[in-house]
Structure formats: structure tokens, C-alpha cells
Amino acid sequence: MDLNELLQHFNRRDTVGEDPEVIELMRYYSRQAQKITMEINTKYHEPEELAELFSQLIGKPVGEMFGLFPPFYTDFGKNITIGNHVFINSDCKFQDQGGITIDDGALIGHGVVLATLNHDMDPAKRQQLHPAPIHIGKCVWIGANATVTGGVTIGDNSIVAAGAVVTKDVPANVVVGGVPAKFIKKIESD
């Protein structure tokens, strides 16, 4: 099994934990992610250097005008896609096995958690993991310390209030907040 086959496994939402080869390869890339995030987090880098390190982490180029304030954490790294003019503030944690796509102009606040894996509900199968993607639309703003769970799409231009826990899709052009996140208001544009 190679990285592309592993990504296909995750992107099909196949259960993780039944195939030892999948677990071992996932752990290999987790160790690689630890090495790169340690480099990102333990010394100062110019913005261009951070973009290059993040590109190494995700295995593809980041979009133009990418911004990152370290520290940043991920336990896999290879299933993240970043659009243009994306900014990720400090202390964010991305669990990306299920896939994280962040479209152009999105702003990710301090301490945001994007979690694409869930453990099985059955206690006898609790060690098994179920991947599901997160898609963050264009010009979305996710406030500080919000959490977005797997399988969620946040529509273009929407705002997730600080501290919210988003467990369901968010339509475009709205503000959501709370635990679990609920509709607060529609965003009116000029």
C-alpha cells in the first residue's frame, strides 16, 4: 500500500483499524507530520518558509498568500488542501485523515480543531476509526476555539462563532454558534 492507496481508503470513508497495513502506514505519516510540525513550531520562519514547510507537510503546494501563525498541529498532514489567501491562526489542531479542504479566503481562528475521525460507538469496536471529510467554503471565518467535526461542510461566507462545536452542515451566508452550533442570523452583504 502506498500513500495514494491510503488516501483512497480514507476518502472512501473505509473503517480504519481492521487492516494492520493501513494502521502502520498511517502511523508512518503521523511520524513524518510530527517532524515537520516540530520544525514549524520550534523556531522562527519567514512567511515564505512557513508556506514551504506547510507544503511539505501536506505533500502539495499551498495556495497563494498562505498565512500561518505557529504553533500548528496535525496527526497526519497528507489529506489537507489549502486554497488562496487562507490564514490559519496559532494553536490550531487538524486531524485530517478524513480530508480537510479549505477554500480561498478562509480565516481559521486561534485554537480551532478540525477533527475528521470518530471512534466507533460500539465499545467492542471502540478502537476502530471512521473518517469523514471537512469542507470549509470560500471566505468562511471560524472563530477562536471552535471545533468542526467530520462530515461537515461550511458554506461560503459563513461565520462560526468562537467556541462553537459544529456537528452539521452550515449553509452559505449565515452565522452559527453554540454547542452544538445552531443558526444565529443571516449575513447581509452590501
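The values are calculated or read from the model by the stated rules, or taken from the named source; none is laboratory data. What you see is a predicted model; the values in this text were computed from it and never measured. For neighbour counting, all protein chains shown are included, and Cβ atoms are generated from backbone atoms with ideal geometry for every residue, glycine included.
Identify all residues within region 117-126 that are closer than 11 Å to Val16 by Cβ and either loosely packed, with under 11 Cβ neighbours inside 10 Å or in contact with a Pro (Cβ under 9 Å, 6 or more places away or on another chain) (or both); write none if there are none.
If the condition is that a residue be closer than 11 Å to Val16 by Cβ and either loosely packed, with under 11 Cβ neighbours inside 10 Å or in contact with a Pro (Cβ under 9 Å, 6 or more places away or on another chain) (or both), then Leu117, Asn118 are the ones that fit.
Against the conditions (1) farther than 23 Å from Ile134 by Cα; (2) charged (D, E, K, R); (3) in contact with a strand residue (DSSP E or B) (Cβ under 9 Å, 6 or more places away or on another chain), where does Glu46 fall short? Just the number, please.
The failed condition is (3).
Within region 96-119, is even one residue at positive phi, touching a Ser or Thr at 6+ places or on another chain (Cβ under 7 Å) and in contact (Cβ under 8 Å) with a residue 12 or more places away in the chain? It would help to see each step written out before you state the result.
In the first step, residues of region 96-119 are kept if they are at positive phi; the result is 99, 105, 111.
In the following step, the residues that additionally are touching a Ser or Thr at 6+ places or on another chain (Cβ under 7 Å) were identified as 99.
Restricting the remaining residues to those that are in contact (Cβ under 8 Å) with a residue 12 or more places away in the chain gives 99.
The answer is yes; a qualifying residue exists.
Could you grab the pairs with beta carbons closer than 8 Å, sequence gap of 6+ or different chains, first residue in region 168-179 and assigned to a loop (DSSP other than H, G, I, E, B), second one modelled with pLDDT under 95?
Sorted first by the residue in region 168-179, then by its partner, the pairs are Asn173/Ser189.
For region 139-153, check the following and say yes or no: at least one residue is in a loop (DSSP other than H, G, I, E, B), polar (S, T, N, Q), surrounded by fewer than 23 Cβ atoms within 10 Å (Cβ to Cβ) and over 16 Å from the mean Cα position of the chain (by Cα).
Within region 139-153, none of the residues are in a loop (DSSP other than H, G, I, E, B), polar (S, T, N, Q), surrounded by fewer than 23 Cβ atoms within 10 Å (Cβ to Cβ) and over 16 Å from the mean Cα position of the chain (by Cα).
With region 3-97 as the region, which helices (runs of 4 or more DSSP H) entirely inside it contain at least 1 residues that are of a type in the set (S, T, N, Q) and crowded, with 20+ Cβ neighbours inside 10 Å?
In region 3-97, 20-42 are the helices (runs of 4 or more DSSP H) which contain 1 or more residues that are of a type in the set (S, T, N, Q) and crowded, with 20+ Cβ neighbours inside 10 Å.
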